[in-house]
Every structure is written in C-alpha cells, then in structure tokens.
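Undergrad: Before anything else, here's the structure in question.
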Amino acid sequence: MHFNSEQRLDGGVLEREFVLGDIPGILWTPADAPTSTTTTASATATAPAPLILICPPPLGLRKMYPRLAGRARYYAAEYGFAAATIELPGSGERPRWDAAEQARADLRRAMEAGEPVGDEIVDALVLPLVEKAVPEWRAVLDALLSLPGLGGPVGYEGGLISLGVRLALVEPRIAAAGLFAGSLVPAAMFEEARRVTIPLHVLLQWDDEGNDRQASLDLFDAFGSEEKTLHANMGGHTGVPRFELESGARFFARHLTR
C-alpha cells in the first residue's frame, strides 16, 4: 500500500489517499491515531482504532467524496473510528469493461422506456461487480489492518447492497454492517442473505424512485441475522435524514467498541 497524499482536516482527522496495486482509495484516521508505518505495535500508546469500510456507489470517488468524507470525519471525531473507501472496479478513472457498459446501457433503455428491469439485466449489472470488488476489498482490508493504530473488529457500510451481502457472508473480520437499500438485487443474493448472521442496520427510503420497495423488504426478511434493524424513512433516494448518521454510528459503537 502506497500513500501518495495526506492532509489534516477539521478536528485533526488525517486523510490519506493510497493505492494498492491499481486500486485507489482514501483512509481517514482519528487525530490521536499513530500514522507512521514504521511504528511498532508495542509503541502505540492507545488501543487500535476500530475500522469502518465505507463502500461508495459505483459513481466515482471524486463525485461521492463530500458524502464519504463527511461520514468518515464524523466517525473519527465523535467515536474515534478510522474509515476507508476505495474506487470500485469500472468507476472513476479505473478501466471500464465492455460487459458492464452494455449492462448499464440496457438498464438505461429499460428505465427510459418504462419497462420492467429484467433479471438478465440485473445479473449482468451487479454480479460481475460483486465478483471483482469483494476480493479487492479483502486485499485492502489485509493492508489496512497491517498499519499501526488500526485494528478490528471491522464494520462495513455501503449503498451497493449486494456487495455488502457478499462481504458480510465471506469476510469473517467484518463484525457488523450498515446497508443502504435502494440498488437492484439479483435473485441469487437472496440465498446468500439467508446465510448472513452478523448484526445489520439497514436503511430504506420509502419513496425511492429507483428502488423496488418490496424487493428491499423481502431481502431484509431473508437475512439470517438474529439482530437486524430496518430504518425506513419517507423521501427519495438522496433524502436520508441527517439523524440516521448518528443512529448508524451508535450501531457501530455497540459492535466495534471492545
């Protein structure tokens, strides 16, 4: 992992951009967290900061930066959590692949024509991204947890809910997940959801113009977790109330704070 820039934000939160292979990302750490990669574990005066992986939608980190940085700064300043995000495959300045571009075009045509979005389009759009992104997230997690001042347990939050389902299922270091309903979900992900058992905090915008509300409710019902909470709020896709940030932070504090 190579860090190529850093800056101090309000409250002393340190923001560093990194690259792991060809995966770009950003790491935010609390003001009092050790930052030198040469610092040994025995030299750290405080316990490692819990880490939250913030997964953006596939719209590009630059476009989503204000929202991502705002959440990360809040977690760091108010709870002492570190947070990290990465550019998803095929997003931002990362190379596109033809199959994903075709799936996006098919989705746009169906929506513009007012036609139902078929399973073939959903599968072609979502499943390849999940297959590519999950190994990348796990590799980034390996690198992050090797840094001084960072440690488990790990939380995950993100808007591409199928990616969250897969990571919650296969990555044992993730102890709790905050998921945002509102993206298309392949039928195969419902079976994976039944095997997810970690605590979940799920947000649903009741009037999300691009979301199948019933599918979101069915997915929530499918999760196998004993602790799962659904927060449904009125409003469209981008109208999540500000207070839900604090609600999600308290959820992570319950499960990530030793």
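The values are calculated or read from the model by the stated rules, or taken from the named source; none is laboratory data. In this text, all values refer to a predicted model and were calculated from it rather than measured experimentally. When we count neighbours, we look across all protein chains shown, and the Cβ atoms used for this are built from the backbone with ideal geometry, even at glycine.
Per-residue answers, yes or no, for (1) closer than 29 Å to Trp28 by Cβ; (2) not hydrophobic (A, V, I, L, M, F, W, C):
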| residue | (1), (2) |
| --- | --- |
| Ala177 | yes, no |
| Ala187 | no, no |
| Leu200 | yes, no |
| Gln205 | yes, yes |
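Undergrad: Here are some residues: Leu59, Leu88. Which one is closer than 30 Å to Phe243 by Cα, without any contact (Cβ under 8 Å) to a residue 60 or more places away in the chain and among the hydrophobic types (A, V, I, L, M, F, W, C)?
TA: Leu59
Undergrad: Can I ask one more? For region 136-147, check the following and say yes or no: at least one residue is under 19 Å from the mean Cα position of the chain (by Cα), surrounded by 20 or more Cβ atoms within 10 Å (Cβ to Cβ) and either on the phi > 0 side of the Ramachandran plot or assigned to a strand (DSSP E or B) (or both).
TA: no
Undergrad: May I pose another question? Looking only at residues in region 210-226 that are touching a Gly at 6+ places or on another chain (Cβ under 8 Å) and among the small types (Gly, Ala, Ser), which one is farthest from Val196 (Cα to Cα)?
TA: Among those that are touching a Gly at 6+ places or on another chain (Cβ under 8 Å) and among the small types (Gly, Ala, Ser), it is Gly210.
Undergrad: Also, I was wondering about something else. Restricting to region 148-168, what's the tally of residues that are out of contact with any strand residue (DSSP E or B) (no Cβ under 9 Å at 6 or more places or on another chain) and not in a helix (DSSP H, G or I)?
TA: Residues meeting the conditions: 1.
Undergrad: Residues of region 94-130 being under 20 Å from the mean Cα position of the chain (by Cα) and more than 24 Å from Ala193 (Cα to Cα), which ones?
TA: Within region 94-130, just Arg94 meets the criteria.
Undergrad: Consider only pairs whose beta carbons are under 8 Å apart and that are at least six residues apart or on different chains; among these, list those whose first residue lies in region 230-257 and is closer than 20 Å to Ser183 by Cβ and whose second residue is at pLDDT below 85 and of a type in the set (A, V, I, L, M, F, W, C).
TA: Taking only residues 6 or more apart or on different chains, the pairs are Ala232/Trp206; Asn233/Trp206; Asn233/Val240; Met234/Trp206; Gly235/Trp206.
Undergrad: Follow-up. Go through region 148-178 and give me each residue that's surrounded by fewer than 19 Cβ atoms within 10 Å (Cβ to Cβ), of a type outside the set (Gly, Ala, Ser) and in contact (Cβ under 8 Å) with a residue 24 or more places away in the chain.
TA: Matches in region 148-178: Pro148, Pro153, Val170, Glu171, Arg173.
Undergrad: Now for a different question. Here's a check for you: in region 212-258, which residue that is surrounded by 14 or more Cβ atoms within 10 Å (Cβ to Cβ) and of a type in the set (Lys, Arg) is modelled with the lowest pLDDT?
TA: Among them, the one singled out is Arg213.
Undergrad: While we're here: Is at least one residue of region 192-204 modelled with pLDDT of 85 or more, of a type in the set (Gly, Ala, Ser) and loosely packed, with under 15 Cβ neighbours inside 10 Å?
TA: no
Undergrad: Return a yes/no flag: does region 186-205 have any residue that is out of contact with any Cys (no Cβ under 8 Å at 6 or more places or on another chain), of a type in the set (Phe, Trp, Tyr) and outside any helix (DSSP H, G or I).
TA: Checked against the condition, which is being out of contact with any Cys (no Cβ under 8 Å at 6 or more places or on another chain), of a type in the set (Phe, Trp, Tyr) and outside any helix (DSSP H, G or I), region 186-205 yields no hits at all.
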